[in-house]
Amino acid sequence: ALSELPDRTAEFAEASLLAAARWDGISEPDTLHNTFSAARAYARLGRHAEAAALFAEAMPKVDVPYDQTGIAQTRDLYARSLRALNQHREAAEQLLEAARLIADDPANATAHAAVAAEAARELELSGQPDAALAAFRRAAELFSGLGDLVGRVRALRSAAWVQFENGDDGGQAGIDTMRSVLAELRSPAGEKLAAELEHTEKQLDAMLKHAAEADTESD
């Protein structure tokens, strides 16, 4: 009943925790359902430490009957709380698992691409450039398969920055990737994406400026 009322999220979280405790030892699915409900409520309230603790408690038990889409969505929410706590490596793990769960479901193709891109960002933030680069490229492929050129371009631009900042070639691979994105946007396929073209031009200019500054410092 509380879930249907506005501005009662905190009470709903507390009621869910109480319900989870009451179901403990009687029905594990009901205990999990109410624990996850409380975790999601705390996440909505911005109380991410409490949300993450509840997600961490319940997530290892999801081998009880739960649909894959629901588990993937819950892992995505868990990752958002971890991200808010700057636990990027852990967030990446949750997102990669969420992507795996829905990878073969055509009904979740758009969600799969979005989650894959989120996982790539968390991999980058957690200091895993090789894994991040592979994940960004995979996300670009998924967006391309959906005909989502904006998503593809953004994923490839992110991949370019990973290459630029972590490559041993002075950033040339990143510059080359950014130029290829720019060429794609200047083709007939990208003619309606003026904003993305502008962003890409600015980012390439920034790369070239950084590369020139690095060359000057090394001389």
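The values are calculated or read from the model by the stated rules, or taken from the named source; none is laboratory data. Treat the numbers as computed from the prediction; the structure is a model and nothing was measured. We place every Cβ from the backbone using ideal geometry, glycine too, and count neighbours over all the protein chains shown. The area values use the complete protein model at the heavy-atom level, side chains included, leaving out ligands, DNA and RNA. Shrake-Rupley method; radii C 1.70, N 1.55, O 1.52, S 1.80 Å.
Annotations for the structure displayed:
- Exactly one residue out of MET207, MET178 is surrounded by 13 or more Cβ atoms within 10 Å (Cβ to Cβ) and over 23 Å from ALA114 (Cβ atoms): that is MET207.
- Checking each residue in the range 51-79 for being in a helix (DSSP H, G or I), of a type outside the set (A, V, I, L, M) and surrounded by fewer than 18 Cβ atoms within 10 Å (Cβ to Cβ) picks out GLU57, PRO60, LYS61, GLN68, THR69, GLY70.
- Of all residues in the range 18-33, those that are under 14 Å from MET59 (Cα atoms) have Cβ atoms under 7 Å from Cβ atoms of residues that are at pLDDT below 80 and not in a loop (DSSP other than H, G, I, E, B), 6 or more apart or on another chain, in GLU28/LYS61; ASP30/TRP23; THR31/TRP23; LEU32/LYS61.
- Of everything listed in (1) closer than 30 Å to TRP161 by Cβ; (2) surrounded by fewer than 22 Cβ atoms within 10 Å (Cβ to Cβ), the single unmet condition for ASP24 is (1).
- On inspection, ARG47 qualifies as out of contact with any Pro (no Cβ under 9 Å at 6 or more places or on another chain), open to solvent by 70 Å² or more (accessible area, probe 1.4 Å) and of a type in the set (Lys, Arg).
- Single residue of the range 20-73 satisfying the filter (closer than 19 Å to ALA111 by Cβ and β-branched (Val, Ile, Thr)) that is farthest from the chain's Cα centre (by Cα): VAL62
- Test: ASP76 is under 22 Å from VAL115 (Cα atoms) and in contact (Cβ under 8 Å) with a residue 40 or more places away in the chain: yes
- Selection from the range 76-111 of residues that are within 18 Å of ALA39 (Cα to Cα) and in contact with a Leu (Cβ under 7 Å, 6 or more places away or on another chain): ASP76, ALA79, GLU90, ALA91, GLN94
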